[in-house]
Amino acid sequence: DGGITQSPKYLFRKEGQNVTLSCEQNLNHDAMYWYRQDPGQGLRLIYYSQIVNDFQKGDIAEGYSVSREKKESFPLTVTSAQKNPTAFYLCASSSPPRGLLNQPQHFGDGTRLSIL
Amino acid sequence: SQQGEEDPQALSIQEGENATMNCSYKTSINNLQWYRQNSGRGLVHLILIRSNEREKHSGRLRVTLDTSKKSSSLLITASRAADTASYFCAPETSGSRLTFGEGTQLTVNP
């Protein structure tokens, strides 16, 4: 079955530690996205990538970093510079027409990150 | 990019009743999408309506779009307990990313 896999489901971070969230898709989608969701709130875009080896900052990129070395993978690193990392992180992908980002997005089931 | 605003924030109904959720936005759009999120899960795409469409159906879902009022509505007919979830609208303008509002939390009581 095609889909998006996020791992781990739960993650704990110690002070000063960087942690990496995994996102893998086998949908052959070009575009991938990372969102942050706080309790009772909507999604805020952290980073997105339209093609391999290219990515753009979203609305809340500070304290986060990404890479896109392979089409199917878009890992997110939450660095120690992100002072309030506790949230639910969602990865998504889509297959947009050239130059557009307006196709339905497919989501993984998220990673819940907490501070120890 | 622009954000949709869903209304109401929360809605509680009995099984079998219809549920209507509304979405407003500020500028012209290419299309508008609706998503559902079950607690602790990712979002699931429900329906996409283009700016030149006024109404679209998918099973028990009916979406309307009024571009003159910059608003959309999602109607779920004959609701079931399994419809309990948060519902988000995401308006899309040319060349911009999707943005999501805070959603409507729907509770369907058995």
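Among the candidates B:Ser58, B:Ser51, the residue that is farther than 23 Å from A:Leu45 by Cβ and surrounded by fewer than 17 Cβ atoms within 10 Å (Cβ to Cβ) is uniquely B:Ser58.
Candidates are the residues of the stretch B:10-46 that are part of a loop (DSSP other than H, G, I, E, B) and facing another protein chain (nearest Cβ under 9 Å); the one that is surrounded by the most Cβ atoms within 10 Å (Cβ to Cβ) is B:Gly42. Scan the stretch B:81-93 and give yes if some residue there is within 29 Å of A:Ser93 (Cβ to Cβ), in contact with a Lys or Arg (Cβ under 9 Å, 6 or more places away or on another chain), away from chain A (no Cβ under 14 Å) and surrounded by 18 or more Cβ atoms within 10 Å (Cβ to Cβ), otherwise no. The answer is yes; a qualifying residue exists.
Among the residues of the stretch B:83-100, those identified as under 11 Å from the mean Cα position of the chain (by Cα) and either assigned to a strand (DSSP E or B) or at pLDDT below 85 (or both) are B:Ser86, B:Tyr87, B:Phe88, B:Cys89, B:Ala90, B:Pro91. Considering (1) in contact (Cβ under 8 Å) with a residue 40 or more places away in the chain; (2) under 27 Å from B:Glu5 (Cα atoms), the lone condition that A:Gly58 does not fulfil carries the number (1).
The values are calculated or read from the model by the stated rules, or taken from the named source; none is laboratory data. Nothing here was measured: the structure is a model prediction, and the numbers come from that model. Reconstructed Cβ throughout: ideal geometry from the backbone, glycine too, with neighbour counts over all protein chains shown.
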